[in-house]
Every structure is written in structure tokens, then in C-alpha cells.
1. Can you go through GLY86, GLY91, GLY47, GLY65 and tell me which one is modelled with pLDDT of 95 or more and touching a helix residue (DSSP H, G or I) at 6+ places or on another chain (Cβ under 7 Å)?
2. Out of (1) assigned to a helix (DSSP H, G or I); (2) within 13 Å of ASP97 (Cβ to Cβ); (3) open to solvent by 40 Å² or more (accessible area, probe 1.4 Å); (4) among the small types (Gly, Ala, Ser), what's the single condition that is false for GLY86?
3. Check whether at least one residue in the stretch 113-130 is part of a loop (DSSP other than H, G, I, E, B), open to solvent by less than 50 Å² (accessible area, probe 1.4 Å) and at pLDDT below 95, and report yes or no.
4. Got at least one residue in the stretch 15-33 being modelled with pLDDT under 95 and open to solvent by 60 Å² or more (accessible area, probe 1.4 Å)?
5. Residue by residue through the stretch 94-108, note down the ones that are modelled with pLDDT of 95 or more and either of a type outside the set (A, V, I, L, M, F, W, C) or at positive phi (or both).
6. Have a look at GLU70, GLU59, GLU75 and point out the one that is at pLDDT 95 or above, open to solvent by 100 Å² or more (accessible area, probe 1.4 Å) and under 16 Å from the mean Cα position of the chain (by Cα).
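The values are calculated or read from the model by the stated rules, or taken from the named source; none is laboratory data. Note that the coordinates shown come from a computational prediction; the quantities given were computed from them, not determined experimentally. Reconstructed Cβ throughout: ideal geometry from the backbone, glycine too, with neighbour counts over all protein chains shown. Just so you know, the surface numbers come from the protein's heavy atoms only, side chains and all, with ligands and any DNA or RNA stripped out. Shrake-Rupley method; radii C 1.70, N 1.55, O 1.52, S 1.80 Å.
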Amino acid sequence: MANLAAAVVAAAGRDPAVDRSLRSVFVGNIPYEATEEQLKDIFSEVGLVVSFRLVYDRETGKPKGYGFCEYQDQETALSAMRNLNGREFSGRALRVDNAASEKNKEELKSATLAHHGSLCAFSLVLKLFDCTSTHVG
């Protein structure tokens, strides 16, 4: 287990985008009138927020109702997912989930397989990203 953790950290250390995605959470169902400061205050309850970024429509400049919160480490991001998912804010239940893109998930799985060469490590990484795994035959 410690070897897998070391491989994940090593893979993240090689690619800053993977590292950032592991330390970040996706936040959905945000009320359109919410500010980044208000959201930072909520997400600071689980740990130090490095940044919070609301996503805006390029054409209209209006918020799209989702954003990303970056923490200093993966453990704090996981804590946010556990403790803030479903949190009510201005009458809406916030959705808090892993921010890793599909590309970053694939890179992390590949790096872990290269380090361990086992389906057990692959399965564990899939579970970490809340994916369903099937037996490879």
C-alpha cells in the first residue's frame, strides 16, 4: 500500500497538472449570485484554500454555476468531497467531486501501472477515482 501511495505521489510530482487535479475539487450547483469569496469561506472550513475559481460563460460573462477549489494537498481535497458534498448554500445543495479530468485520470493510471505492473494497483487507482472496475481477462 505504501508503494502505491509513493507511485501516485511520484506520478503527480512529474506532472503539475495531475498534481493540481488531485488537490482540487469540482464544485457544481453553485447559485449564480454566489461570489468566489463566499465559496472560499465555505471551503476553508476543511482546510486552507489555495484558490477558488468560478467558471464564466465566454460570450455572456455570466457564471455557469460551477467552479474549482484548489487545496494545498490531496487529503484536504478528499475531506472537502466527504464533508461538503450536499452542503446547502443559498437554497441549493452543492455538488463536490473530484476535479481530475479524464486525461489526468488516464495519465495517473498509466504511471501507477508502470511503477507496479499489477492489476491490483490499477484497480485501486480506479477505486480512488470512484470508477467501476471490471476483471481484465
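1. Values: GLY86 fails: touching a helix residue (DSSP H, G or I) at 6+ places or on another chain (Cβ under 7 Å); GLY91 fails: touching a helix residue (DSSP H, G or I) at 6+ places or on another chain (Cβ under 7 Å); GLY65 fails: touching a helix residue (DSSP H, G or I) at 6+ places or on another chain (Cβ under 7 Å).
The unique qualifying residue is GLY47.
2. Every condition holds for GLY86 apart from (1).
3. Let us first name the residues in the stretch 113-130 that are part of a loop (DSSP other than H, G, I, E, B), namely 117-118, 129-130.
This time we only want the ones that are open to solvent by less than 50 Å² (accessible area, probe 1.4 Å), so: 118, 129.
Pick out the ones that are also at pLDDT below 95 and you get 118, 129.
Looking through the stretch 113-130, at least one residue is part of a loop (DSSP other than H, G, I, E, B), open to solvent by less than 50 Å² (accessible area, probe 1.4 Å) and at pLDDT below 95.
4. Residues of the stretch 15-33 modelled with pLDDT under 95: 15-22.
Right, trim to open to solvent by 60 Å² or more (accessible area, probe 1.4 Å) and you get 16, 20.
Within the stretch 15-33, one or more residues are modelled with pLDDT under 95 and open to solvent by 60 Å² or more (accessible area, probe 1.4 Å).
5. First pass over the stretch 94-108, keeping only residues modelled with pLDDT of 95 or more: 94-97.
Within the stretch 94-108, ARG95, ASP97 meet the criteria.
6. On the way: GLU70 fails: open to solvent by 100 Å² or more (accessible area, probe 1.4 Å); GLU59 fails: under 16 Å from the mean Cα position of the chain (by Cα).
GLU75 is the lone residue from the list that is at pLDDT 95 or above, open to solvent by 100 Å² or more (accessible area, probe 1.4 Å) and under 16 Å from the mean Cα position of the chain (by Cα).
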